[in-house]
1. Taking Kirkwood radius over Cα pairs in Å straight from the coordinates, which label in [x] 21.3; [y] 22.4; [z] 21.8 is the correct one?
2. Cross-link partners among aspartates and glutamates for residue 35, C-alpha distance below 14 Å, same-chain residues fewer than 8 apart left out?
3. Quick one: net charge of residue 152's neighbours, Cβ under 12 Å, K/R +1, D/E -1?
4. In whole Å, how far is the Cα centre of segment 86-161 from that of segment 289-346?
5. Under 19 Å Cα to Cα from residue 310, which lysines show up? Leave out anything in the same chain fewer than 8 places away.
6. In which sequence would 267, 336 go, from the one with the fewest C-beta neighbours within 10 Å to the one with the most?
7. Give me the net charge of residue 335's neighbourhood, meaning all other residues with Cβ under 15 Å from the Cβ of residue 335; Lys, Arg count +1, Asp, Glu -1.
8. Which entries of 60/139; 148/338; 156/228; 133/263; 257/331; 165/295 have Cα-Cα distances beyond 25 Å here?
Amino acid sequence: MPGSISKTNRRSILKGALAAAAAPALIGPALAQQKVNWKVQAHWPKASGSFNDSLGALAKELAARTDGRFTLETFGAGEIAKDREIYNVVRRGVVQMGTISPAYILGEAQAMGLLYGVPGTLREPWEMMHFTKNLGAEKLVNDELRPKGVMIFAEKAYPTEVVLKRKISSAAELGSLKIRSTGAMLEYFAAAGASPQQVAGPEIYQAISTGVVDGAHWGAAVGALSMKFWEVAPFHMKPALGITNDAWIINVAALDKLPPDLKLQLLSLIEERYFLRSVEYQHQEAMALATGRAKMNVEVVQFPDDVLAKFAEASKTILQKETAKGELAGKGGAALSKLMSDLGYA
C-alpha cells in the first residue's frame, strides 16, 4: 500500500533510531579519553623567570585540570624559533602555540602596538589589564589576526624598566649610550637621544658584557635578576618606561580541532592566568629588586628631569602614530586616550 511501512522497514528504522540514540553515549566517553599534546615555542630563554613561572605554570595546571589529557611540550627561545619567527611557525602550524612579545609583530595588526603598550602612557599593570580585556585592545588585534590563522591572548601585564652599565645624570649622558630595546621603545629611546639597538633575548647578556650595548630592558627587576643583567649593568632605572603585555599566540586550526572541553579548559585557564600572573609578577618585582640591592650592589636611579621631558614628548608622538594606523587602531587609541584622561594622566 502506498505510504505503508513494511515490518522489515520498521525494524530497520527502529534499529537505526536505537543506534543514533546510543551514539552520544558511545562517542562521549571516546572524546573524554582523547589526549592532546601541543608544542609551545617560547620567546623566553629557559633562564628567564617567565619560562617557568608563566609557561611552566600554565602547562602544569592545564595537565592537572584535564587529568593529563592535554599536555604542553615547551621549548626555550631559539630551540625551534625565536622572536618574530615564532609568529610564523605558529601560523604555519609547525608548533600549535607560542609565547611572544607583541612588539615583535607590530605590522601584523593595526592595534598591535597598543596591545604591546605605548611607552609613557599607562603607569600600573591593572590599567593595562583593563585596557586589554575590558576596553577591547586584545579583540581589536584578533579581528585582524584570526583571518590569518592565529590568535593572540595577553599573558601578563608588567612594567618595562632598563638597566645601565653606568650611571647617568643628564640627557647628554644618556645620548652617549647604546641600549637594547624593542617595539615602540626603540623610538622612545631615540627621542631621548640614546642609540637603541635590537638584540635577541638569549644574546642580551653577552651584548652588555662585551660592550655591544650599554644597557637593556627585559621586563624589569625580575628579568634583570633571572637573566643576570645586574652582574654587568648594576644601575636600575626608574620610573618604568611603560606597562607592556607579553602574550600567548595560538594556531586557529589547532585550537578549533580541540575537543570542546579541552578548548574550554585552555582558554579559561589563559584568561585566569592573565590576572594571577600579572599580580604575582608585581610581588616578584619587589622581591627581585630587594635581592638586587641587598646582594648584588644594584643601585636604583631616577631618570634625570631632562630625559623625562623628552620621554613625555616622545610618548605623545608615538601614541599619535599608533592611533593613525587605521580604523581599528583609531578605536584603540581613542579608548586609551579616554582611559588616560579618566586617570588624570592627560
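1. Of the labelled values, this structure produces [z].
2. Within the straight-line limit of under 14 Å, residue 35 reaches these aspartates and glutamates: 67, 73, 261.
3. Working: positive: 91, 139, 146, 148; negative: 108, 138, 143, 144, 155, 246.
Cβ neighbours under 12 Å give a net charge of -2.
4. Segment 86-161 and segment 289-346 have Cα centres separated by 17 Å.
5. Residue 310 reaches 167, 178, 238, 321.
6. Working: 267 15, 336 25.
Going from least to most buried by this count: 267, 336.
7. Numbers: positive: 133, 139, 325, 331, 338; negative: 127, 138, 143, 322, 327, 342.
Surrounding charge for residue 335 is -1.
8. Working: 60/139 27 Å; 148/338 30 Å; 156/228 21 Å; 133/263 19 Å; 257/331 32 Å; 165/295 17 Å.
Too far apart for the 25 Å limit: 60/139; 148/338; 257/331.
Read-outs throughout are calculated quantities, based only on the coordinates presented, and are distinct from any laboratory measurement. Remember, it's a predicted structure, so these values are computed and weren't measured experimentally. Backbone-built Cβ (ideal geometry, glycine too); neighbour counts: all protein chains shown.
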